[in-house]
Amino acid sequence: MGVTRFDETTERQLREVVADGTTSFKIFLSYKGFFCVDDGEMYQVMKLAKELGVIVTAHCENAELVSRLQQELIAAGKTGAEWHEPSRPEAVEMEGTTRFATFLEITGATGYVVHLSCAPALKVATDAKARGVKIFVESVLPHFLLDKTDAERAGADGLKYVMSPPLREKRNQALLWKGLAEGAIDTVGTDHCPFDVSQKLMGKDAFTLIPNGIPGLEDRVNLMYTYGVRRGELSLERFVDALSTRAAKLFGLYPRKGTVAVGSDADLVIYDPDYRGTISAKTHKVNCDYSGFEGMEIDGWPAVVIVRGVVQVRDGEFVGRRGIGKMLRREVTKANEVRA
């Protein structure tokens, strides 16, 4: 549940939300004037989360610095997509992560950094973990495989790769992979935002107006398996943990989800490691007219997907029954018991 303010009605509403089975909050330390909470509001959210036993997730950047840098760049005529990353440099993400970790340490709340993108921010989080702060880290698919040169492409191509935090210098990737393998990065998500090219073009004259995000939901498992497990040094066990088990534990769905065990939901994937394919917007299923991973090879894919004991997908095609989705009301998490 996103928390974009903390006023006289917020606490009552959040207590109702948690009682109904939504047991995590999200705050933004960026997007000044829109989603951003101030330090006082962050403190109140964390105090309530600590009392209720829920986890606080955070987009960690410094809103004031981003706003100032954006204004300066636009005023200097630096309006293209290639200036998005300089408006949100690694230092502002490091500062946001530092502040988030400090507030967690003071309040005793449990926190989760979303879509961490760079080595300096990761060091802040791992240092906080080492001194006992209950902080967990997510990175996302694009930051492992793409870099800032993608957003520097000419014309509309560059706009496709604008996201926040932005794609970084390629040197960060090796450290992210290492952090994932060692468990310093707990989970891998996508921050799936499937804006069409026509929507991205809203920012063709000013990078501040480009809708942030990239589609990735369909490709996360296949690409992490290919470039992490098959072509990298990520163990199969850590791959499953990072993409399934640990998220279920952190967000109150374990052992219903995240494990193959008696009593768990019969959600199973039969993965074919011998499949070979290439990602393309022409063949993907997601409702978006481009792929940020166009042309990338994949080694293996889910040949069969079973949901609650029913085959829903076979050989890349939907063969199941529509409308069987269920709202999963979650338990209050025991995130502080999760260890790398």
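Structure values in brief
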quantity	calculated
Condition met for LEU217 (in contact with a His (Cβ under 8 Å, 6 or more places away or on another chain), surrounded by fewer than 20 Cβ atoms within 10 Å (Cβ to Cβ) and either touching a residue at least 24 places away in the same chain (Cβ under 8 Å) or farther than 20 Å from GLU90 by Cα (or both))	yes
The range 164-198: number of residues that are crowded, with 19+ Cβ neighbours inside 10 Å, part of a strand (DSSP E or B) and not hydroxyl-bearing (Ser, Thr, Tyr)	1
Selection status of ALA121, under 18 Å from the mean Cα position of the chain (by Cα) and under 20 Å from ASP147 (Cα atoms)	yes
Residues of the range 263-302 satisfying the condition of being exposed (fewer than 14 other Cβ atoms within 10 Å of the Cβ), farther than 21 Å from LEU167 by Cα and under 24 Å from the mean Cα position of the chain (by Cα)	THR278, LYS285, ASN287
In the range 54-92, residue nearest to SER24 (Cα to Cα) [restricted to those that are touching a strand residue (DSSP E or B) at 6+ places or on another chain (Cβ under 7 Å) and in a loop (DSSP other than H, G, I, E, B)]	VAL54
Meets criteria (modelled with pLDDT of 95 or more and of a type in the set (Gly, Ala, Ser)) for ALA156	no
Pairs where the first residue, in the range 297-320, is more than 14 Å from ASN222 (Cα to Cα) and the second is modelled with pLDDT of 95 or more and of a type in the set (S, T, N, Q), C-beta under 6 Å, 6+ apart	GLY320/GLN312
Output for the range 242-258, where each listed residue is surrounded by 17 or more Cβ atoms within 10 Å (Cβ to Cβ) and closer than 19 Å to ILE306 by Cα	LEU243, SER244, THR245, ALA248, LEU253, TYR254, LYS257, GLY258
Members of the range 243-268 found to be of a type in the set (A, V, I, L, M, F, W, C) and touching a residue at least 40 places away in the same chain (Cβ under 8 Å), listed by number	LEU243, ALA247, LEU250, PHE251, LEU253, ALA266
Test: residue in the range 104-118 that is touching a residue at least 24 places away in the same chain (Cβ under 8 Å), under 20 Å from PHE207 (Cβ atoms) and outside any loop (DSSP other than H, G, I, E, B)	no
The range 100-112, residues that are surrounded by fewer than 18 Cβ atoms within 10 Å (Cβ to Cβ) and under 19 Å from ALA184 (Cα atoms)	THR102, GLU105
Subset of the range 25-53 (residues that are crowded, with 21+ Cβ neighbours inside 10 Å and either of a type in the set (Ser, Thr, Tyr) or in a helix (DSSP H, G or I) (or both))	SER30, MET42, VAL45, MET46, LEU48, ALA49
The range 124-152 - residue that is assigned to a loop (DSSP other than H, G, I, E, B) and among the hydrophobic types (A, V, I, L, M, F, W, C) and, of those, farthest from THR57 (Cα to Cα)	LEU146
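The values are calculated or read from the model by the stated rules, or taken from the named source; none is laboratory data. None of the values given here were measured: they were computed from a predicted structure. Don't worry about glycine lacking a Cβ; one is built from the backbone with ideal geometry, like all the others, and counts go over all protein chains shown.
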